[in-house]
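Peer 1: Have a look at this one before I ask anything.
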Amino acid sequence: QVQLVESGGGLVQAGGSLRLSCTASGRTFSTYGMGWFRQAPGKEREFVAGIRWSGSSTYYADSVKGRFTISRDNAQNTAHLQMNDLKPDDTAVYYCAAASGFNVWLLADYGYWGQGTQVTVSS
């Protein structure tokens, strides 16, 4: 009942920047916020960043803190992930998700997922 569409993935060289966007539709009023996760081949999906629809709190994985910024546009039901100083280790499929629970830093609190967008960072 919540649909998510990601955009903005692509190929970038190390040190560069990329901006991901995720637009939600459907019953977005039933969710607490939005988040981004990523999954590299052979590895588990990991939390990257999360934000609620209300308030000012944001949450980040230690590996991206200071480089990535999550933001929201409530009027457009959209979340963004600004990624700066990208590193080859950031290469992964990035997934947008909508949180069905209050704890937007926990994978278990996300109930809706986009299809993912590939981010590749070259050396």
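Peer 1: With (1) more than 12 Å from the chain's Cα centre (by Cα); (2) under 23 Å from residue 123 (Cβ atoms) as the list, and residue 53 as the residue in question, which single condition is left unmet?
Peer 2: It fails just one condition, (2).
Peer 1: What number of residues within segment 47-84 satisfy the criterion of being outside any strand (DSSP E or B) and among the basic types (Lys, Arg)?
Peer 2: Applying the first criterion (outside any strand (DSSP E or B)) to segment 47-84 yields 53-57, 61-67, 74-77, 84.
Okay, now just the ones that are also among the basic types (Lys, Arg), so 65, 67.
Adding up the residues that qualify gives 2.
Peer 1: Take segment 9-46 and flag every residue that is assigned to a loop (DSSP other than H, G, I, E, B) and in contact (Cβ under 8 Å) with a residue 60 or more places away in the chain.
Peer 2: Matches in segment 9-46: 9, 14, 15, 16, 17, 31, 32, 45.
Peer 1: Any idea which of 101, 66, 111 is open to solvent by 50 Å² or more (accessible area, probe 1.4 Å) and of a type outside the set (Phe, Trp, Tyr)?
Peer 2: After ruling out the rest, the residue left standing is 66.
Peer 1: Determine, yes or no, whether residue 59 is open to solvent by 10 Å² or more (accessible area, probe 1.4 Å) and either closer than 16 Å to residue 5 by Cα or modelled with pLDDT under 95 (or both). Can you show your working first?
Peer 2: Working: open to solvent by 10 Å² or more (accessible area, probe 1.4 Å): yes; either closer than 16 Å to residue 5 by Cα or modelled with pLDDT under 95 (or both): no.
Taking the combined requirement at face value, the residue does not satisfy it.
The values are calculated or read from the model by the stated rules, or taken from the named source; none is laboratory data. On a predicted model such as this, the values are computed, not experimentally measured, just so you know. Neighbour counts are summed over all protein chains in view; Cβ atoms, including those assigned to glycine, are modelled from backbone coordinates with ideal geometry. These accessible areas exclude ligands, DNA and RNA; they are computed on the full protein's heavy atoms, side chains included. Shrake-Rupley method; radii C 1.70, N 1.55, O 1.52, S 1.80 Å.
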